[in-house]
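Undergrad: Okay, here's the structure, questions in a sec.
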Amino acid sequence: VFAERWFYDFVIYTYALSLIFSFSDLLHASLRARRIAYGLLALVWTLETAIVAVHVLRIIPLAAVLDSLLIYSWLLISFTLVLERFYRMPLFFFAANLAGFAILALHFFFAQDVTKKLAGLMLSELVFVHVTLAVAAYAAFTLSSISAGLFLLNIRLLKRKKWTMLFRRLPSQDRLQQFGKRLLMAGVILLMIAVMLGILYAYQTVGHMFWTDPKILGSLAVFLTYGFVLYQQVSGQWQAKRQAWWNVWAFVSILLNYVISRSGFSLYHWI
Amino acid sequence: MHILAIGFNHKTAPVEIREKLSFQEDRLPLALRTLRDMKSILECVIVSTCNRTELYVVCDQLHMGEYYSKSFLESWFRIPREEFADHLYVKENEEAVRHLFHVVCGLDSLVIGETQILGQVKQAFLTALETGTTGTLFNTLFKQAVTFGKRVHSETEIGQNAVSVSYVAVELGKKLFDSFAGKTVLLIGAGKMSELTAKHFHANGAARVLVVNRTLERAQELASKFGGEARAWDELIPSLAEADIVVSSTGSPEPVLTRQLVEPVLRKRRSPLFLIDIAVPRDIEPSVHELEQVYLYDIDDLHGIVDANLALREQEAEKVRVWIADEVKEFGQWLQTLGVVPLIAALREKAMSVQEEAMARIERKLPELTEQEKHVIRKTTRGIVNQLLRDPIVRIKELAAGADKERAREMFIYLFALENVLEEQEREQSAARETKPVSAGENALARL
């Protein structure tokens with residue numbers, strides 16, 4: 001059962017990566033990102049097919065049941081892969097990918113009509129995936145904020161005409177902007193998935209009252225803050241310097257969220 | 001044996017002398033052979049570039065080596081010695097080795113840390129190697145020097161950071177743009193300096209060059225050099241809106257780009273605007289630099305970067321000088337062990353002749369031995385000899401680098417009774433020297 005759960009985790013992580021690349025292709029048309037997203041989704045499809053085949057052919061006795069959600073997710077991915085092969089629709093691909101992911105997450109982690117032991121295992125796995133994705137998102141945000149900080153330093157030294165050793169070591173504005181933006185993009189998607197899984201966990205553990213949990217509200221605040229920064233970067237309404245300042249200040253939301261998670265008011269005491 | 005470096009460079013000789021005493025590349029092998037054939041000279045390498053001409057020689061006597069090297073220069077270039085003697089420097093032994101290390105690192109170059117000289121010294125050595133004018137000494141010295149030069153350029157910043165105004169502009173641009181691919185360069189004015197700067201941007205990938213000049217014909221002439229586009233003066237502001245990089249060098253007494261002119265252009269753009277003003281008086285109003293997304297640098301700013309970069313190179317040079325001291329020491333140690341090479345060769349020769357005699361006796365006493373058995377015995381006896389020799393060879397090399405090397409040498413000869421073998425070697429070498437025509441080089445020069 002334990003090995004089986006690891007296999008499901010692998011499927012979820014692969015799916016999350018596919019989502020990141022399809023989001024990247026959505027924001028900036030990139031053949032490479034599109035191919036990687038497609039390849040990863042094809043891998044998820046293969047793995048899901050294997051799960052379905054094992055269930056149908058009863059090759060190995062599986063703890064998880066073959067329910068309609070798995071078939072639903074498998075069909076969604078199958079159609080998405082076929083359609084993407086013939087039509088170039090990045091928004092459709094991303095939306096379908098996201099829907100498929102949500103359904104698969106429900107199948108893997110929503111403990112319904114299962115034994116108490118399996119339900120415990122599923123919840124523990126859900127927490128694990130949620131935490132790893134959230135931590136990965138925070139790491140991406142932190143690196144993005146560092147990039148934005150260096151970008152501001154680059155501007156400052158160029159404006160003040162300071163030809164110091166630090167100036168020589170700085171990368172170009174272009175590179176810092178690209179790096180920061182890509183990390184921001186990955187962070188937003190990872191945190192979105194993590195929040196989705198977090199809500200799923202909270203719903204199963206504390207019921208409908210989960211909205212009042214400060215940790216969930218804090219995570220949502222981080223997601224909205226960085227989502228807003230990303231939106232400004234993609235829409236190009238602001239000057240690069242303003243975007244960078246926002247990116248740097250957005251890091252404060254991560255710190256606040258950390259303080260909230262340690263405050264003792266949250267239901268998240270497993271971190 | 002001694003090492004000599006004789007030559008002149010940009011610091012010691014004016015260009016009038018340097019151009020007269022420069023070797024043509026296609027005649028270098030002949031020059032090398034002629035120099036090597038001079039009396040007292042055993043090995044030689046000639047380094048000849050636009051900034052230096054240097055003869056590196058291994059000679060058996062210092063004054064003879066110097067005299068014949070100068071004679072060679074005099075005869076080869078047919079210039080009286082008095083004309084160039086004052087510009088020559090002569091460096092002996094350790095100084096000559098140190099000088100070579102300075103040269104390969106670019107410490108002796110016009111622009112400190114330049115990398116071209118390393119390739120030129122390497123090529124000079126390879127030419128000498130192919131011509132057969134190098135031996136054990138220079139093969140080791142030049143290989144060590146070239147390897148060291150490469151290490152210096154890869155491990156320090158001595159050759160990095162631009163030191164010319166036009167290239168500094170490109171380096172500065174790289175702090176804004178990751179690459180110049182797809183960028184548009186606008187040249188305001190068609191002066192020589194803006195052409196040179198544009199050339200660097202173009203060589204670094206800038207896709208499009210626009211030239212705006214008061215005289216359209218001159219703009220067209222310059223634009224054609226980069227496959228660019230010439231525009232009339234009244235198209236300056238629309239062209240500015242298209243540009244990512246602007247290089248201005250008009251002779252206008254008033255600024256051609258004011259804050260009022262630039263500000264409206266910025267409203268339509270999100271990418272930075274990089275302005276280089278190399279005109280005096282300045283073409284672009286300094287307050288333009290205060291605008292967001294605009295980076296303006298004038299000629300003094302660029303000179304400031306050049307000075308900062310040169311200071312950095314000088315700092316790195318200090319580090320390299322310490323490394324050079326270590327390299328010279330290392331080469332010196334190797335050179336000292338070279339003195340025991342004839343002893344080691346003599347010991348090997350004697351030991352192998354003992355082994356061969358033993359083999360011959362065995363074969364005489366045991367004629368029924370098969371070829372395979374003989375092979376096994378030969379291999380085994382040689383192995384014993386080599387194992388016995390290994391430690392004495394290592395020890396004598398160590399002693400040769402110490403203070404008491406002469407006594408150690410004598411003791412080694414005495415212990416292994418190498419006197420006869422060494423005498424035989426000496427006789428063979430003398431015979432070889434006698435066969436070398438003493439004045440072959442001079443005769444060859446006379447024929448030129």
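Undergrad: Mind checking the dipole of chain B: about its Cα centre, +1 per Lys or Arg Cβ, -1 per Asp or Glu Cβ, Debye to the nearest 20?
TA: On the way: 56 positive and 67 negative charges, 234 e Å.
That gives chain B a dipole magnitude of about 1120 debye.
Undergrad: How much area per residue is accessible in the stretch A:126-220 when the probe is 1.4 Å and only protein heavy atoms are counted (Å²)?
TA: Values: 3950 Å² over 95 residues.
Roughly 42 Å² per residue, with all protein chains present.
Undergrad: Now a separate question. For chain B, which span is the longest to avoid every loop-located (per DSSP) member of GluC sites (Glu not before Pro) having at most 13 other Cβ atoms inside 10 Å?
TA: B:1-291
Undergrad: Along the positive direction of the dipole of chain B (beta-carbon charges: Lys, Arg +1; Asp, Glu -1; about the Cα centre), which of B:Trp334, B:Leu186, B:His10 reaches farthest?
TA: Comparing the listed Cα positions along the dipole, B:Trp334 ranks first.
Undergrad: Ordering B:Lys20, B:Lys192, A:Lys241, A:Lys117 by how much accessible area each has at a 1.4 Å probe, largest first, what is the list?
TA: Numbers: B:Lys20 105, B:Lys192 145, A:Lys241 75, A:Lys117 175 Å².
Per-residue accessible area, sorted high to low, gives A:Lys117, B:Lys192, B:Lys20, A:Lys241.
Undergrad: Still on this structure: Nearest 100 Å² is fine: how much accessible area is buried between B and A, summed over both sides, with a 1.4 Å probe?
TA: For B against A, buried area totals roughly 2100 Å².
Undergrad: Just going by the charge dipole of chain B, with Lys and Arg at +1 and Asp and Glu at -1 on Cβ, which of B:Gly159, B:Thr370, B:Ser71 is farthest out on the positive end?
TA: Farthest towards the positive end: B:Thr370.
Undergrad: Here's something else I'd like to know. Just how many % of Cα pairs in the stretch B:279-355 lie over 15 Å apart, if you round to the nearest whole percent?
TA: 77 percent
Undergrad: Which one of B:Tyr414, B:Tyr89, B:Tyr167 has the biggest mean-square fluctuation once chain B is modelled by GNM with Cα springs under 10 Å?
TA: Looking only at B:Tyr414, B:Tyr89, B:Tyr167, the largest GNM fluctuation is found for B:Tyr414.
Undergrad: In terms of solvent-accessible area of protein heavy atoms at a 1.4 angstrom probe, what is the ranking of B:Leu100, A:Leu255, highest value first?
TA: The ordering from most to least exposed comes out as A:Leu255, B:Leu100.
Undergrad: Rounded to a whole number of µm²/s, how large is the Stokes-Einstein D of the stretch B:337-441 at 10 °C and 1.306 mPa s, given Rh as the Kirkwood radius over C-alpha pairs?
TA: The calculation lands on 98 µm²/s.
Undergrad: Right, here's the next one. Arranged from highest to lowest average of other beta-carbon atoms within 10 Å per residue, in what order do the peptides A:193-203, A:178-188 appear?
TA: The packing order, highest mean first, is A:178-188, A:193-203.
Undergrad: In the stretch B:231-277, which residues become less accessible by 30 Å² or more once every protein chain is in place, relative to the chain on its own, using a 1.4 Å probe?
TA: With the partner chains in place, the stretch B:231-277 has these residues losing at least 30 Å²: B:Arg270.
Undergrad: Which value in Å is the Kirkwood Rh of chain A over different Cα pairs?
TA: That comes to 20.2 Å for chain A.
Undergrad: Magnitude of the Cβ-charge dipole of the protein assembly as shown, K/R +1 and D/E -1, about the Cα centre, nearest 20 debye? Don't jump to the answer; show the numbers that get you there.
TA: Values: 79 positive and 77 negative charges, 403 e Å.
With Lys and Arg at +1 and Asp and Glu at -1, about 1940 debye.
Undergrad: Could I ask something else about it? Mind listing the long-range amide H neighbours of B:Leu210? Cut-off is under 5 Å, sequence gap 5 or more, other chains count too, H placed in the peptide plane at 1.01 Å from N.
TA: Here B:Val185, B:Leu186, B:Leu187, B:Glu229 satisfy the definition.
Undergrad: I need the helices of chain B that pass two filters: whole DSSP H segments spanning 27 Å or more by Cα along the axis, and mean Kyte-Doolittle score no lower than -0.5.
TA: Working: long enough: B:136-155 (28 Å, -0.16); B:299-338 (56 Å, -0.24); B:341-365 (36 Å, -0.14); B:371-400 (42 Å, -0.57).
Span-like helices in chain B: B:136-155, B:299-338, B:341-365.
Undergrad: Can I ask one more? Given a 1.4 Å probe and heavy atoms of the protein chains only, how would you sort A:Trp238, A:Trp74, largest accessible area at the top? Numbers along the way, then the final one.
TA: Numbers: A:Trp238 35, A:Trp74 70 Å².
The ordering from most to least exposed comes out as A:Trp74, A:Trp238.
Undergrad: A further question follows. Ignore the peptide's own chain and count Cβ atoms of other chains within 10 Å of each Cβ in B:168-177; give me the average, rounded.
TA: Per-residue shielding by partner chains comes out at 3.
Undergrad: Next question. Using the C-alpha gyration tensor of the protein assembly as shown, what are the square roots of 5 times its eigenvalues, in whole angstrom, with the largest one first?
TA: Sorted largest first and rounded, they come to 69, 46, 22 Å.
Undergrad: So what does B:Phe412 come to for accessible area, using a 1.4 Å probe and Å² rounded to 10?
TA: Using a 1.4 Å probe on the heavy atoms, I get roughly 10 Å².
Undergrad: Further, regarding this structure: How long are the semi-axes of the equivalent ellipsoid of the stretch B:190-316, taking √(5λ) for every eigenvalue λ of the Cα gyration tensor, in whole Å from largest down?
TA: 24, 19, 15
Undergrad: Taking 2.2 N^0.38 Å as the expected size of a compact globular protein, what ratio does the Cα radius of gyration of the stretch B:111-195 give against it, to two decimals?
TA: Cα Rg divided by the expected 2.2 N^0.38 Å: 1.63.
Undergrad: Taking 8 Å as the Cα distance limit and 6 or more residues as the minimum spacing, I'd like the relative contact order of chain A as a percentage. Could you put the intermediate results ahead of the total?
TA: On the way: 279 pairs, mean separation 49.5, N = 271.
Reported relative contact order: 18 percent.
Undergrad: Looking at B:Thr53, B:Leu28, B:Ser248, which one has the Cα that reaches farthest to the positive end of the dipole of the protein assembly as shown (charges on Cβ: Lys, Arg +1; Asp, Glu -1)?
TA: The Cα lying farthest towards the positive end belongs to B:Ser248.
Undergrad: Within the accessible area of chain B, what % is carbon and sulfur when the probe is 1.4 Å and the other protein chains stay in place?
TA: On the way: 11590 of 22180 Å².
The nonpolar share, carbon plus sulfur, comes to 52 percent.
Undergrad: Okay, moving on. Note down the magnitude of the dipole of the stretch B:1-125 about its Cα centre, charges +1 on Lys and Arg C-beta and -1 on Asp and Glu C-beta and zero elsewhere, to the nearest 20 debye.
TA: So the dipole magnitude of the stretch B:1-125 works out to roughly 200 debye.
Undergrad: Could you name the aspartates and glutamates whose alpha carbon sits less than 14 Å from that of A:Lys117, not counting residues in the same chain fewer than 8 places away?
TA: The reachable aspartates and glutamates, counting only those whose Cα sits under 14 Å from A:Lys117, are A:Glu125.
Undergrad: Sum up the charges of everything whose Cβ sits under 13 Å from the Cβ of B:His10, counting Lys and Arg as +1 and Asp and Glu as -1, but leave B:His10 out.
TA: Charge balance near B:His10 sits at -2.
Undergrad: Quote the relative contact order of chain B in percent (integer), defining contacts as alpha-carbon pairs under 8 Å separated by 6+ residues.
TA: 14 percent
Undergrad: List, in the order given, every pair from B:Lys122/B:Lys199; B:Lys143/B:Lys379; B:Lys122/B:Lys329; B:Lys174/B:Lys319; B:Lys70/B:Lys329 whose Cα-Cα distance in the structure shown is over 32 Å.
TA: Violating the 32 Å limit, Cα to Cα: B:Lys143/B:Lys379.
Undergrad: With runs of 4+ DSSP H residues as the only contributors, calculate the mean residue ellipticity of chain A at 222 nm using -39,500 (n - 2.57) per run, divided by the residue total and rounded to the nearest 500. Can you show the working numbers first?
TA: Working: 9 runs with 220 residues, N = 271.
Per the formula, -28500 deg cm²/dmol.
Undergrad: Right, another one. Given N residues in chain B, what is its alpha carbon radius of gyration divided by 2.2 N^0.38 Å?
TA: 1.44
Undergrad: What is the sum of charges around B:Ala223, taking Lys and Arg as +1, Asp and Glu as -1, for the other residues whose C-beta is under 10 Å from the C-beta of B:Ala223?
TA: With Lys, Arg at +1 and Asp, Glu at -1, the neighbours total +1.
Undergrad: How large are Rg and Dmax for the stretch B:372-433 when calculated on the C-alpha trace, in angstrom?
TA: 15.8, 49
Undergrad: Let me ask something additional. Go through the stretch B:306-350 and flag every residue whose accessible area shrinks by 20 Å² or more with all protein chains in place compared to the isolated chain (probe 1.4 Å).
TA: Residues of the stretch B:306-350 that lose at least 20 Å² of accessible area once the other chains are added: B:Ala308, B:Leu312.
Undergrad: Here is a follow-up. If we count every other residue with Cβ under 14 angstrom of B:Thr127's Cβ, Lys/Arg +1 and Asp/Glu -1, where does the sum land?
TA: -1
Undergrad: How much solvent-accessible surface does A:Thr205 expose, in Å² to the nearest 10, with a 1.4 Å probe and all protein chains in place?
TA: Approximately 70 Å² of A:Thr205 is accessible to the 1.4 Å probe.
Undergrad: Go ahead and estimate [θ] at 222 nm for chain B from helices alone: -39,500 (n - 2.57) per DSSP H run with n ≥ 4, summed, over the residue count, rounded to 500. List each step's numbers first, then the result.
TA: Working: 18 runs with 262 residues, N = 448.
That comes out to -19000 deg cm²/dmol.
The values are calculated or read from the model by the stated rules, or taken from the named source; none is laboratory data. All values derive from a computational prediction rather than experimental measurement. All Cβ positions, even for glycine, are placed from backbone atoms using ideal geometry, and neighbour counts span all protein chains on display. Areas reflect the complete protein model, heavy atoms only, side chains present, ligands, DNA and RNA absent. Shrake-Rupley method; radii C 1.70, N 1.55, O 1.52, S 1.80 Å.
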